[in-house]
1. How many residues are open to solvent by less than 10 Å² (accessible area, probe 1.4 Å) and either of a type in the set (Gly, Ala, Ser) or in a strand (DSSP E or B) (or both) if we restrict to the range 7-60?
2. Look through the range 229-259, keep the residues that are farther than 21 Å from Pro167 by Cα and outside any helix (DSSP H, G or I), and return whichever of them is nearest to the chain's Cα centre (by Cα).
3. Out of all the residues in the range 67-108, which are within 22 Å of Pro142 (Cβ to Cβ), assigned to a strand (DSSP E or B) and either touching an Asp or Glu at 6+ places or on another chain (Cβ under 8 Å) or open to solvent by 70 Å² or more (accessible area, probe 1.4 Å) (or both)?
4. How many of the residues making up the range 116-137 are over 16 Å from Arg42 (Cα atoms) and surrounded by 13 or more Cβ atoms within 10 Å (Cβ to Cβ)?
5. Residue check: is Gly106 touching a Gly at 6+ places or on another chain (Cβ under 9 Å), touching a residue at least 12 places away in the same chain (Cβ under 8 Å) and at positive phi?
6. Which pairs have Cβ atoms under 6 Å, sit 6 or more apart or on different chains, and link a residue in the range 57-82 that is farther than 25 Å from Ala169 by Cβ to one that is open to solvent by less than 30 Å² (accessible area, probe 1.4 Å) and polar (S, T, N, Q)?
7. Any residue that is closer than 19 Å to Leu195 by Cβ and open to solvent by 90 Å² or more (accessible area, probe 1.4 Å) - is there at least one of those in the range 279-301?
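The values are calculated or read from the model by the stated rules, or taken from the named source; none is laboratory data. Predicted model, so just to flag it, every value in this text is computed and none were measured. Don't worry about glycine lacking a Cβ; one is built from the backbone with ideal geometry, like all the others, and counts go over all protein chains shown. Side chains are part of the model used for accessible areas, which takes the heavy atoms of the whole protein and leaves out ligands, DNA and RNA. Shrake-Rupley method; radii C 1.70, N 1.55, O 1.52, S 1.80 Å.
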Amino acid sequence: MVATSTEQLTSLAATTVIVHPLVLLSVTDHHARSVSRNTEKRVVGVLLGQDNGKTINVANSFGIPFEEDEKDSKTWFLDHNYIEGMYEMFKKVNARERMIGWYHTGPKLRASDQEINDLFKRFIPRPVMVIVDVRPQAVGMPTDSYFAVEEIKDDGTETRKTFLHVPSAIEAEEAEEIGVEHLLRDIKDSTTTTLSTRVTEQLASLNGLSARLADIKRYLDDVAAGKMPVNHQIVYNLQDMLNLLPDLSEPETEASFAASTNDEMLVVYLSSLLRAVIALHALVDNKATIGRAELEEGEKREKEGKKESEPAGKAEAKKADK
């Protein structure tokens, strides 16, 4: 289905794509097995799940053979016969899972995405495209979801095909949550402490926030320069975000932040002081233990020396009597 009206565009924009962890693991495994680390090749696969209108539930996936010219992304090959065969086998396993779209590991949109999306329209009328960012250094949400639409211009010129970005979320069922927890427990680095892990996670979150703020700044700069049109929905969302920020010019807010910061720094100071006392106690206890061990070893040697000297003295006394 191609959206050609404002109502249809609004309806698509309100659609949420829910991706399950099983899909992320499957896509990551597909990329790791098919592509070497030093190349920028991407992998392509099929998404399975349920299309409930306002919500698209992506529950499963499978990879498909895909080749693409690195110099010219419009030159590509995709085996659609393989798609039909695999989908028939998946329907025998779980009939509830329907073909709902396709994925690739981008990490950004490419020139051939429209052509590939048109190929998937042979199987489903409204395919969703999900870009999964499998790069280990990436922060933030690893998925971006899109629908293919046609933009109708007010001046009556020819329509242009493009992709409409829709919100996506990562959700898991109870069984998947248990499996993910066991997997994370197995791959957890035992050499790092809980505090170090928490600091690393907070740093990654701050880096993700910084990247999102940079994207917002670039968008506003482009709008101010006339390079991009004004999207009122985005402006409304930014205004709501700014309204949620606290007013730091109020004395009460400033005093509250100062009190909270002082409380946290007091805990840090007491923790450092306690750690230093414990370390000093451990050092003194270690010295005392070593000293007692050396003293006991010296006494033991003296006793052994006395025992060896007594038989020798008795032997010399017997010789003198003879």
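1. Summing the residues that are open to solvent by less than 10 Å² (accessible area, probe 1.4 Å) and either of a type in the set (Gly, Ala, Ser) or in a strand (DSSP E or B) (or both) in the range 7-60 gives 10.
2. Among those that are farther than 21 Å from Pro167 by Cα and outside any helix (DSSP H, G or I), it is Leu245.
3. Across the range 67-108, the qualifying residues are Ile100, His104.
4. Within the range 116-137, residues that are over 16 Å from Arg42 (Cα atoms) and surrounded by 13 or more Cβ atoms within 10 Å (Cβ to Cβ) number 8.
5. It is false that Gly106 is touching a Gly at 6+ places or on another chain (Cβ under 9 Å), touching a residue at least 12 places away in the same chain (Cβ under 8 Å) and at positive phi.
6. Once the first residue is farther than 25 Å from Ala169 by Cβ and sits in the range 57-82, its partners that are open to solvent by less than 30 Å² (accessible area, probe 1.4 Å) and polar (S, T, N, Q) give Ser73/Ser112; Lys74/Ser112; Trp76/Ser112.
7. Checked the range 279-301: no residue is closer than 19 Å to Leu195 by Cβ and open to solvent by 90 Å² or more (accessible area, probe 1.4 Å).
To keep it simple, each residue is scored yes or no on (1) closer than 13 Å to Val130 by Cβ; (2) under 18 Å from the mean Cα position of the chain (by Cα); (3) at pLDDT 95 or above.
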position: Leu22; (1), (2), (3): no, yes, no
position: Asp29; (1), (2), (3): no, yes, no
position: Ala32; (1), (2), (3): no, yes, no
position: Val35; (1), (2), (3): no, no, no
position: Asn38; (1), (2), (3): no, no, no
position: Lys41; (1), (2), (3): no, no, no
position: Leu48; (1), (2), (3): yes, no, yes
position: Lys54; (1), (2), (3): no, no, no
